[in-house]
Amino acid sequence: MLSRERVSGRGIEALLLFLVVAVLALGLALTSIGLQVRQDLNPVVELPAIVPPVVLVAALLTGAHLLLRRQRRTMEQVLLPVAGLLFALGLIAVFRVRGTEGMWQQLLRGFVPGMGVLMLFIWRPQTVESMRRWTLPLSLVGLALPIATAVFGVVDETGARLSLQLGPLPPIQTSDMVKVALIFFLAWYIEREGNEAAGRARIVFGRLRLPPVRHLIPGGMFVALGTLALVQMQDHGAVLILGILFVGMLYAGFETRIFVTVGLLGLVMTVLVGAVLAFTWEVPTVIRYRFIAFVDPWSEAPLLLDGEPTGITVAQGPGYQIQQSIYATIAGGLSGTGLGLGTPSYVPLAHSDFIYTVVLEEMGAVVGLPVLLLFVVVMLRLLRLAAILPPTQNFERLVLVGVAIHLFTQVFVMVGGTLNLIPLTGVTIPFMSQGGVALFVNLAEIGIAMGLAARLEEARR
Amino acid sequence: MDLINLNTLLFAFKWVFVGLIYFALIVVVIAVRREMGLRLGGGQALPSAAPGRLIVVNPGGAVGIRAGSTIPLRSENSLGAEPDNDIVLEDTFVSGHHARLGWDGAEWWLEDLGSKNGTFVNQRQCRPYKPEPVPPGAALRLGEIKFELAE
């Protein structure tokens, strides 16, 4: 058996964070040199531009690490470096596709504020628990922002309203906020009313147990309003994530029989609403195109818009993105084309939705598979922490489960989409895709987990 | 600079890059394994034997228990009048499924399951369906039955 001394301190975290910074520095340097070599330019002349970002990332990660050391925490040494490594690989890919400007945007809009919140949660872990009191107003704000976006949002070139312009601030994407708001709202509501709802459940049809309907209304309303806002925003990927989160949180929060009963009720209502919608609602063009492209990206059938031919084939229209993604994946093969030496700019939206394709093309499957493994590690760490929290902390447990579901479904949906294993939906890959709000939210979620681990350690001491 | 040398260098460093990622991955796996081993070895993760028992202070109207007798506790115990409970308390003031008492590895907690006559910890009534911590040595009352939680 291992002695306690051998795992005390935070040596493993220090080693891992050093590796993260080394990977980032080497990756950015190789990308920079590769880009220069392609154009027969002096390979090292652009190298100084990558020094400040590496120093910034190293400084913030070291800051968080030293803060943890100062507070003598020994728990949870893996989560921060693993998230950092995923971020580093994403930043290399963003730098590759969007250059220095995109990299700085990612750093200043996502990483710096995200690490700020993470360090706040490490420094004052009780903040995480006091969030319980502020959950209702915060989650209502998180619901109101997407609704405002759906009504007043900025319409982008594809007809989707994803961003909200608030005064002089840069436009923010609000769909990630509604997911976090749902996690917190459901955790808060299940802790408050869940046991009572389960206790008062009536037995229906022999073994099924149905809680009183009034306990189901607030959660259902929240999901319904969020879904309507997202449909109006044309962010259908987020609708999918919201649905999975709702079902997952119900599963985590209630015993199986109640979950099955509520789930069956939801299924019946979905089928009824779906039957009505099938006759009255026209499927948005985006969804229809995505599905056609999923079935056969190389299809030569003419593309129809509102029943009229548009003059191009499916392969030239919505199929193009997926074709390019698959070609890029094949070009990468096992070991990749080498950083800066591939052609990821052929893939539309390579910096956000298709960031995993960039990784597969230039770093190859030898890096692509560890990325998936790292996401599995993040999910398992979060679920394990949720499992060892005491039953008196039901809210925190449910938040952790929700965070794990949130991170993992985004990866699952997006990686599946880029490899054409499931229809493509536009969500981001956590920690990797370019997108300030998404990265901020993901780092804050890791901060919550670290804060809860710290509280647990304080309680055990 | 000679271009062939540069390409060789780029190729070599590409594999250094991949090697660093795999090294980090291996360290992560070792760290997780080590911590798991520690938990299982220390016996903290599986609190199957909870360090406590209930001492009956006043059996009230319950059949089958005497004052002064002790009831061993598991990591989670349901208390109530129905025969499917872990600890069956056949008393008119105890509800069918009255309360749950459990050990989370660090402290005891008690949850009232919406009982009719309430559950009391140190003379203070628990709110239904809200698990709350119970200090060691606390006086518990379910209906008319009084217990002491002993370590």
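Values quoted throughout were computed directly from the atomic coordinates according to the rules given, and no laboratory measurement underlies them. All values reported here derive from a predicted model rather than from experimental measurement. Here Cβ is always computed from backbone atoms with ideal geometry, including for glycine, and neighbour counts include all displayed protein chains.
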Practice task
Could you tell me what fraction of 2.2 N^0.38 Å the Cα radius of gyration of chain A comes to, as a two-decimal ratio?
Solution key: 1.02
Practice task
Summarise the partner chain shielding of B:104-113 as one whole number: the mean count of Cβ atoms from other chains within 10 Å of each residue's Cβ.
Solution key: 4
Completion exercise
Between A:Val271 and A:Val295, the FRET efficiency computed from the C-beta separation at R0 = 22 Å comes out, to the nearest 0.05, as 0.40
Practice task
Please name which of A:Leu108, A:Val51, A:Leu41 has its Cα lying farthest along the dipole of segment A:1-117 towards the positive end, using unit charges on Cβ (Lys, Arg +1; Asp, Glu -1) and the Cα centre as origin.
Solution key: A:Leu108
Completion exercise
Distance in Å, no decimals, from the C-alpha centre of segment A:230-263 to the one of segment A:395-461 is 16
Handout entry: Length-normalised contact order of segment A:286-354 in % [C-alpha pairs under 8 Å, at least 6 apart]
Key = 24
Exercise for the section: List every residue whose amide H lies under 5 Å from the amide H of B:Leu73, counting only residues 5 or more places away in sequence or on a different chain, with H placed 1.01 Å from N in the peptide plane. Expected result: B:Gly52, B:Leu54
Handout entry: Square roots of five times the Cα gyration tensor eigenvalues for segment A:233-272, Å
Key = 22, 14, 4
Problem - Calculated diffusion of segment A:332-449, Stokes-Einstein form, Kirkwood radius summed over Cα pairs, 37 °C and 0.692 mPa s, µm²/s - result: 215
Practice task
State the Cα centre-to-centre distance between segment A:79-149 and segment B:100-151 in whole Å.
Solution key: 40
Problem - Residues with amide H under 5 Å from that of B:Gly60, placed H, sequence gap 5 or more - result: B:Lys146
Practice task
State to the nearest 20 debye the size of the charge dipole of segment A:326-461 about its Cα centre, where the only charges are +1 on K and R beta carbons and -1 on D and E beta carbons.
Solution key: 460
Practice task
Provide a whole-number value for the mean count of partner chain Cβ atoms within 10 Å of the Cβ atoms in peptide B:6-19.
Solution key: 5
Handout entry: Shielding by other protein chains, A:190-201, mean Cβ within 10 Å
Key = 3
Handout entry: Relative packing of A:217-225, A:234-242, A:112-120, which averages over residues the other C-beta atoms within 10 Å, highest first
Key = A:234-242, A:112-120, A:217-225
Exercise for the section: Would you work out the charge dipole size for the protein assembly as shown about its Cα centre, treating the Cβ of every Lys and Arg as +1 and the Cβ of every Asp and Glu as -1, and quote it to the nearest 20 debye? Expected result: 1600
Fill in the blank from the handout: Note to self, chain B gives a 222 nm [θ] from helices alone (DSSP H runs n ≥ 4, -39500 (n - 2.57) apiece, / all residues, nearest 500) of -10000 deg cm²/dmol
Handout entry: Cα-derived Rg to Rh of chain B, Kirkwood definition
Key = 1.46
Handout entry: Calculated SAXS-style log₁₀ I(q)/I(0) at q = 0.16, 0.17, 0.21 Å⁻¹ - segment A:186-321, Debye, Cα scatterers
Key = -0.90, -0.96, -1.25
Handout entry: Length added when fully stretched, B:Val57-B:Glu82, from 0.36 nm per residue minus Cα-Cα
Key = 6.8 nm
Practice task
Would you mind computing, in nm to one decimal, how far apart the modelled labels at B:Glu132 and A:Ile422 are, each placed 7 Å from Cα along Cα→Cβ?
Solution key: 4.3
Problem - Helix-derived mean residue ellipticity, 222 nm - over chain A, DSSP H n ≥ 4, -39500 (n - 2.57), to 500 - result: -22500 deg cm²/dmol
